[in-house]
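Some notes on the structure that comes next.
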Amino acid sequence: MRIIIYTRNDCVQCHATKRAMESRGVTFEMVNVDLVPDAAETLKAQGFRQLPVVIAGETSWSGFRPDLINRLPQPAQAARA
């Protein structure tokens, strides 16, 4: 599953999301909206108003959501699925 975290500089919730995913061994890509302003406009058009925005397959959310991060398959689980 492809996971993308949309983040920005100096975002506490963004850093917490990144650390939580790293600690679970989840592989992800990051897009910094400070460097890619078009990404911020796209997220706003989709109704997101808070960062980070996480797109994980068909699931998406904004803010630091450890409950949802814990539901993501870890690499060993994904290999078995």
Identify the single condition in (1) outside any strand (DSSP E or B); (2) touching a residue at least 40 places away in the same chain (Cβ under 8 Å); (3) crowded, with 18+ Cβ neighbours inside 10 Å; (4) not polar (S, T, N, Q) that Tyr6 does not satisfy, given that it satisfies every other one.
(1)
Residue ID - nearest to Arg8 (Cα to Cα), chosen from residues in segment 45-59 that are touching a residue at least 12 places away in the same chain (Cβ under 8 Å) and not in a loop (DSSP other than H, G, I, E, B)
Val53
Only one of Thr17, Thr42, Thr27 is more than 10 Å from the chain's Cα centre (by Cα), surrounded by 10 or more Cβ atoms within 10 Å (Cβ to Cβ) and not in a loop (DSSP other than H, G, I, E, B), namely Thr42
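Bear in mind these aren't lab numbers, they're just calculated from the coordinates by the rules spelled out. Keep in mind the model is a prediction, meaning the values are calculated, not measured. For neighbour counting, all protein chains shown are included, and Cβ atoms are generated from backbone atoms with ideal geometry for every residue, glycine included.
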